[in-house]
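The values are calculated or read from the model by the stated rules, or taken from the named source; none is laboratory data. This one's a predicted model, so the numbers in the text were calculated from it and none came from an experiment. Neighbour counts are summed over all protein chains in view; Cβ atoms, including those assigned to glycine, are modelled from backbone coordinates with ideal geometry. Areas reflect the complete protein model, heavy atoms only, side chains present, ligands, DNA and RNA absent. Shrake-Rupley method; radii C 1.70, N 1.55, O 1.52, S 1.80 Å.
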Amino acid sequence: MPMTNKRRLSVLAAAAVAVLALSACTGQDGSSGGGDDQGPRTLKLGVSSELLSYDPVDLNGGGEGNLLWMPVYDRLLTITPDNGLEPGLATEWAFDDSFSVLTLELRDGVTFSDGAPFTAETVKANIENLKASSSTEAGIVAPIEEVVPVDENTVEFHLASYDPTLLYQLGLAAGVMASPEALGTEEIKLNPVGSGPYTLDDQGSVRGSELIYVKNDEHWNSDAYPYETLVFKTYQDITARLNAAKSGEVDGAPITSAAAAEAEAAGLTITNTPAGWLGLGLFDRAGQIAPELADVRVRQAINYAFDKQAILENVEQGYGYATSQTFAEGQPGYDPELDNRYEYDPEKARELLAEAGYPDGFDLTIPDLPHMAAYTPIIADQLKDVGINVTIKPVAPTDTLAEMFGGQNAAFAMEFGGTSIGQITALSTQSVWNIFKSTDEELSQLVSVAYKATEEDEQDKTYREVNRWVVDNAWFAPWYMKDSIFVTSSEVTVEPWVTNVTPLISSFAPAK
Amino acid sequence: MTISTPEQVDAAVAEAPRSGLARRFFSNPLGLVPSIVLAAIAVLSVASPWIAPHDPSDTILDQVNSAPNEVFLLGGDGSGRDVLSRLLLASRLTLIGAITVAIVSVVVGLVSGLLAGYLGKWIDSSLSWVNNVLMTVPSVIILVALFSVIGPNTVVTMAIFGVLISPFLFRLVRTLVIAVKNELYVDAARVSGLSGSRILGRHVLYAVRAPIIIIATGMVGAGILIQAGLEFLGLGSPSEPTWGGMLEDAFLNIFRSPLGILWPGIAIGLTAGCLSLIANALRDALEEPAPKARTKSVRLKDEALRRASAPAGTAEAPPEDALLVVSNLRVGYPQADGSARVVVDGVNLHVNKGEILGLVGESGSGKTQTAFSILRLLPEEAEFAGDVTFEGVPLLALSESEMQKIRGKRIAYIPQEPMSNLDPTFTIGHQLTVPMMRTLGLTKKEATARAKQLLERVGIADPERTFRAYPHEISGGMAQRVLIAGAVSCEPELIVADEPTTALDVTVQAEILDLLRELQKERGMAIILVTHNFGVVADLCDRVAVMQAGHIVETNTASELFDRPQHPYTRMLLSSTLEDTEPRKQRVAALTEGR
Amino acid sequence: MVAFICRRLLSGVALVFVVSALTAFLIFAGGMDIARNILGTNATEEQVAQRAAELGLDRPAWQQYADWLGAALTGDLGRSYFSSEPVLQALSTRLPVTLSVVLTAVLVTAVLSAALGVLAAVRRGWVDRFVQLANVVVGAIPNFWLALVLVSVFALNLRLFPATGYVPFLESPAGWLLSITLPVASLVIGGLGAAMIVRSSVIDVLRLDFVRTLRSRGLSQREVLTKHVMRNAAPPFLTVMSLAFIGMFGGAVVIEKVFAIPGVGTLANNAAQRGDVPLVLGVVSVTVAVVVVVNLVIDILNGWLNPKVRVQ
């Protein structure tokens, strides 16, 4: 049959070409002009996950979340990129001689975004709200027995026990101060009511994809924040995140080591810092479900079994350094000698296993945690080399936390960041990270001494004792201290935040 | 001889779906090759634990995200495992998922379809409703949502997917069961010994086996893609290698190992592609062998058609003033093997002005093909040769647009089956008026008035209502009147009427014949009346041409023919019309042998 | 016609009810540790138990389901367990994103597959071979894989389109067009198999008797094709488009991941992995509702095109 609507089709084709041409033109316009329209005073950052709630009790200190809530909430103290403490909402702080009372002098004239003033009563309300909550941070303020407002601008924390991490924590989520009016409401989960250097632009923001913060010019330290507007865009996948950074859709983003070379090739600046140790957590130290792990020689053998340097180089592209300890370089308690305590030595591992009575190895089940998917097969394979037959147990993403903390697994791949004192706290039977509630009298003794150390030298010395004990007893099998990597465009400079995944928001500045 | 007789071809086509299906399927390279590839994938998959070059969970640290090399032929993944070995092993879970989808969807679709179709009533309506529900559910979103309950379990997930897509099969089976069941009621008397449900089961299962394979193949392909998609989202089995999971890993490491996304992509594409090709080839094998598409059909090019046997029958010279002269007309259809199936083989006939010519023969004798040749309304793939001259105009040489001016206005057509010859989506009025506006250049108003007059003329009681009605709102007899009105609407000189009364019941038949006769007298039109019914011929025709197997075997005046039939075939036709009992095929066979 | 629409709407409401109830029940009975997921890595068992009690997760499944249903019937789909964002609000920001991508993709698919299918049916030749080949090829390529390839070629190498993200239409129509081009393209290419359906339904209609009869009246092939054949071939085409819409809605879940588009799919995937029950239920109910509405529109179109349907 002869065709009759040829002409119509060619018109259609012409239209399609026109649309393509049009989009191609605007494409070039868009990409060249995109950076300028909001001016250099806007900082756009890519993040991998959204912040689900602004309720102070839902905030916590780890991961990227800091970047998203620190702009809107002042803390009692301010943390510096090298983990030092500076005045925040508290201008001065001091313990009494017995370390049972912490006195804070509060900043005057601070108001929350809802207009409520910041006073000693506010501190009391916030700490009590946190203590009463089921939040994970509640444990941190648990030692604060009572909050006593002395006057408008002075508050005392009466402590049941001394916790050396308390001050540091008051610079993180536990020290977040929100308007007492908003505490405990549903609304605050969506709209933060803080006194931070920025406020959330609720109208402009699209939850789950783009958060916009506008500068709060009233803020007491306004000068420290050079950007008028902050924009946070969520890209869950590293590919999308790096693409966004490469194409200039964002000025900076955390990336993985796998993407680092590509980012560098694209002209992005890489900022890296050791963020935390990565390796195998050996939790069942009393052998409740994996009896073999009760023998320290077995745990040591496992430590010897990993070719840490090779894993570091091949999986992380060398971003980090191999180590056998959980304390990071440059932090109090770090002992350079411990980095090589368990140098890769499969022969030695087999010997130790034989000594422990397992010349033919044994069976061990480890969960395939989705966020550690790349590492678990390596663990299994390397342990198999020394005779430990590892079964990998599938884990649904929804069951991840239950598998980790439910006491069902004797060991699993883990990544753990934070300061030295954070590492020490994780050893306590109170900590969720002490999954099988392992105890040891010698360790407890060392820890309680370390807790009391206030001077820097003393801290370094006592922490080192704890560190050495943990490494010698092989409570973990760290492989290396892994770097966090943050890329920035040429428009932005940034300073890393040691032992953390992302920089502090105050560390970003326009490039000169 | 490469030409098959129409009878042979008919028999072949009728037999084809049964015996020749497998042969036809495998002789098609697009069926054979994907089947071999798929079989190879299945074999590799089953044998993967033994043939994989490496243990798929073995990690080699300097092979993390490596490019293809001599150790890892397709490179290493994000944990330093062999991509090739994992690809091979991953095919197992994919195939398990695929088989699960196939089994679940076929079982659920078949059983529910049988139940709904056979039991009917509320069971049918509720099952149909459930299936409509399933059809409208976005399966991926449901599977993602249910992931929070099911967890990463490929078999359960794919089983649910199988249920979600079973409606495609349910609909097919249900329709078939209902069709077979209705047939059973009609023939219930003949059924003895076997229970209805057994016959039903046998009938239906026999009828649906090929469509089931086609549909299931499609569903399995869809299942493989869905499975890969879910795995890519991170909702797949975390411990066993899967293609989608490998894609996810490759996606994470796309910057270090850009080739990584290629291999699982190819594996998925190859498997799903083969399934899709197999389904296509199966469908082709089930259908009649596709005629080769020809762009030019007016000129006879086919060698086989040109070598057609010499014209048979009486070649009586047409009178000078004949309205239409058909001489040496041949019509053929190209076959898959390049030969032609000749259905009209050298036909000569003529029609005088105002004359009614009966064209008689059995179905398959080529009479309808001859009629369509005159109108140049043969299917696209038909090839034809010879001459058709209408008032001195050689119709076969006209261009389509020239022919278009002849159709309707000078030669019109009355079809056999009234309902199927009206477009169900337009009103009767629309279908009557538009041709008048196009061919006669009437305005819409004029055409409307004329259409209503015509409707009245052909004996429709309420022309206004019928004019506004849709075809499904009128009876078959009325529809045939409408079609006659349409045929005469543009005052043609010749009407080709193709079995105009066959589809109608007896009382209506007589009325329609009366109407045709009246109109013919009134307007002086010539009519070619194609029919198999000598009663109609006797009633209406001036002259008769008898056709058998593509030839005109006898032409004569109606009275002569009835009194003194010359050809044995004519005699056979006449006698069977009178007796109307004996099975025809046997007679024909006897005749053909005797010839 | 009104009765017809009412009947369809009613059946649609029942559909939304049944599907969401089924999902709800499965999830509530599923026994996930939702509270643990909410509280994160550092929470103690006591804290987990406390949060579970707060959310009523310690009650029997049917009771939780009944509560949800009661609220849902008054138009309250609850709040996210995690962000406390009202589910309706969460959906109202994500649904337009997904719909703008999916509906655009369906429209483009409809136009392209109709044009290609009709051409293939009528003209045969290379268009026909192309359509048949495309049917096999696109049926075999996972659309998210295609999306990956499109991103690396058109966004990263040629830099014609943004690699990721979504720009609302109201913010910048040109930006919107650019941001959805690649996602739409990946969906459309995957949906081109519809051309094959158009092709075969046009071929089927062309074989119908009335086509010949209309031509015998002197109508041009073009008129018969554009008016009569198209209209008669429309119902299967519309059915395919409604299935394509459902399919693309699901396909968008994966596509959104590749392009970092903040749509319903991303929401659903995150909510499912997190165990955010109210969000999961909300997404399922609203998605089914959208499908019901789209199907209704297609049914009405069908009824308008084919008078027989209206009567049935």
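Size descriptors for the protein assembly as shown (Cα atoms only): Rg and Dmax, in that order, 40.2, 139 Å.
With a 1.4 Å probe, how much accessible area is buried between chains A and C, both sides summed, in Å² to the nearest hundred?
Working: alone 23060 and 16880 Å², together 35300 Å².
By this definition, chains A and C bury close to 4600 Å².
For the residues C:Asp76, A:Asp460, A:Asp223, a 1.4 Å probe over the protein chains yields an accessible-area ranking, largest first, of A:Asp223, C:Asp76, A:Asp460. Per residue, region B:89-287 exposes 38 Å² of accessible surface when a 1.4 Å probe is rolled over the protein heavy atoms with every protein chain present.
Output the relative contact order of region C:94-309, whole-number percent, from Cα pairs under 8 angstrom with separation of 6+ residues.
Numbers: 245 pairs, mean separation 61.4, N = 216.
Rounded, it is 28 percent for region C:94-309.
First check a/c for chain A, with a ≥ b ≥ c the square roots of the eigenvalues of its C-alpha gyration tensor; if it is under 1.5, answer rounded, and if not, answer prolate when a/b is larger than b/c or oblate otherwise. Oblate is the answer for chain A, as a/c is 1.5 or above yet b/c matches or exceeds a/b.
Comparing Cα centroids, region B:246-271 and region A:448-503 end up 37 angstrom apart.
Accessible area per residue, 1.4 Å probe, Å², for region B:392-526: what's the number? Could the numbers behind the result be given before it?
Values: 5260 Å² over 135 residues.
Per residue, region B:392-526 has 39 Å² of solvent-accessible surface.
In straight-distance terms, cross-link reach from A:Lys384 covers every one of the lysines whose alpha-carbon lies under 21 Å from its own, apart from those fewer than eight places away in the same chain; here that gives A:Lys308, A:Lys348, A:Lys393.
Pull out a ≥ b ≥ c, the square roots of the eigenvalues of the alpha-carbon gyration tensor of region A:356-512, then state rounded if a/c is under 1.5, prolate if not and a/b is larger than b/c, and oblate in the remaining case. It comes out oblate by the Cα gyration axes.
Report, in listed order, any pair from B:Lys405/B:Lys445; A:Lys131/A:Lys189; A:Lys482/A:Lys512 with a Cα-Cα distance greater than 24 Å. Before the final figure, lay out each step's value.
Values: B:Lys405/B:Lys445 22 Å; A:Lys131/A:Lys189 18 Å; A:Lys482/A:Lys512 30 Å.
A:Lys482/A:Lys512, as the Cα separations exceed 24 Å there.
Centre-to-centre, using Cα atoms only, region C:173-234 and region C:289-309 are separated by 18 Å. Probe radius 1.4 Å, ligands and nucleic acids left out: can you give me the accessible area buried at the B-A interface, summed over both chains, in Å² to the nearest hundred? Summed over both sides, the interface buries about 2100 Å². Here the sum of -39500 (n - 2.57) over DSSP H runs of 4 or more residues, divided by the residues of chain A, equals -8500 deg cm²/dmol at 222 nm, to the nearest 500. Here region C:1-153 exposes an accessible surface that is 70 percent carbon and sulfur, computed with a 1.4 Å probe and the other protein chains kept in place. Of all DSSP bridge pairs formed entirely within the protein assembly as shown, close to 70 percent run antiparallel. Projected label points at B:Glu522 and A:Ser100, each 7 Å from Cα along the beta carbon direction, are separated by 12.2 nanometres. Using a 1.4 Å probe over protein heavy atoms, the accessible area lost on pairing B with C, summed over both chains, comes to approximately 5800 Å². As I understand it, the value is the acute angle between the Cα axis of helix C:173-191 and the longest principal axis of the Cα atoms of chain C; what does it come to in degrees, rounded to 10? That helix lies at roughly 70 degrees to the long axis. Apply the a/c threshold of 1.5 to the C-alpha gyration tensor of region B:89-287 and tell me whether it is rounded, prolate or oblate. In terms of gyration-tensor shape, prolate.
Mean partner shielding of peptide B:417-427, defined as the number of other chain Cβ atoms within 10 Å of each residue Cβ, is 6.
What does the accessible area per residue of region C:94-309 come to in Å², with a 1.4 Å probe and no ligands, DNA or RNA counted?
On the way: 6780 Å² over 216 residues.
Per-residue accessible area for region C:94-309 comes out at 31 Å².
Against chain C, whose longest principal axis comes from its Cα atoms, helix C:45-55 is set at around 60 degrees. When the residues A:Thr439, C:Thr93 are ordered by accessible surface, computed with a 1.4 Å probe over the protein chains alone, the sequence from largest down reads A:Thr439, C:Thr93. The amide H of B:Arg341, built 1.01 Å from its N in the peptide plane, has B:Tyr333, B:Gln335 as neighbours under 5 Å, considering only residues 5 or more places off or on other chains. Taking every protein chain into account, the 1.4 Å probe leaves A:Tyr344 with about 90 Å² of accessible area, to the nearest ten. Solvent-accessible surface (1.4 Å probe) assigned to B:Thr557 amounts to roughly 50 Å².
Kindly state, to the nearest 0.05, the FRET efficiency for B:Val43 paired with C:Val111, given R0 = 56 Å and r defined as their beta-carbon distance.
Numbers: r = 43 Å, r/R0 = 0.77.
With a Förster radius of 56 Å, E is 0.85.
How charged is the neighbourhood of A:Leu102? Take every other residue with its Cβ under 9 Å from the Cβ of A:Leu102, and add Lys/Arg as +1 and Asp/Glu as -1.
-2
Express in Å², to the nearest 10, the accessible area of B:Asp563 obtained by rolling a 1.4 Å probe over the protein heavy atoms while all chains stay in place. Spelled out: B:Asp563, probe radius 1.4 Å, area about 110 Å².
Within 10 Å of the Cβ of each residue in C:144-157, the mean number of Cβ atoms contributed by other protein chains is 4. To put it simply, the accessible area of region A:135-278 at a 1.4 Å probe is 43 percent carbon and sulfur. For the segment C:169-182, counting C-beta atoms of other chains within 10 Å of every residue's C-beta and taking the mean gives 2. Remark on region C:234-265: accessible area falls by at least 20 square angstrom from chain-alone to full-complex state for C:Leu243, C:Ile246, C:Gly250, C:Val253, C:Val254, C:Lys257, C:Val258, C:Ala260, C:Pro262, probe 1.4 angstrom. Only helical runs count toward this figure. For chain C, summing -39,500 (n - 2.57) over DSSP H runs of n ≥ 4 and dividing by all residues gives -25000 deg cm²/dmol at 222 nm. Centre-to-centre, using Cα atoms only, region A:372-410 and region B:429-482 are separated by 79 Å.
The mean sequence separation of alpha-carbon pairs under 8 Å and at least six residues apart, normalised by the residue count of chain A, gives a relative contact order of 19 percent.
Run the numbers on region C:126-212 and let me know its relative contact order in percent, using alpha-carbon pairs under 8 Å that are six or more apart. It rounds to 38 percent for region C:126-212. Could you work out the longest stretch of chain A that avoids the GluC sites (Glu not before Pro) located in DSSP loops with at most 16 other Cβ atoms within 10 Å? Here the longest segment lacking exposed loop sites spans A:1-151.
Students sometimes get this wrong: rank C:Phe259, C:Phe25 by accessible area, probe 1.4 Å, all chains present, largest first. Can you show the working numbers first?
Values: C:Phe259 5, C:Phe25 95 Å².
The ranking, largest first, comes out as C:Phe25, C:Phe259.
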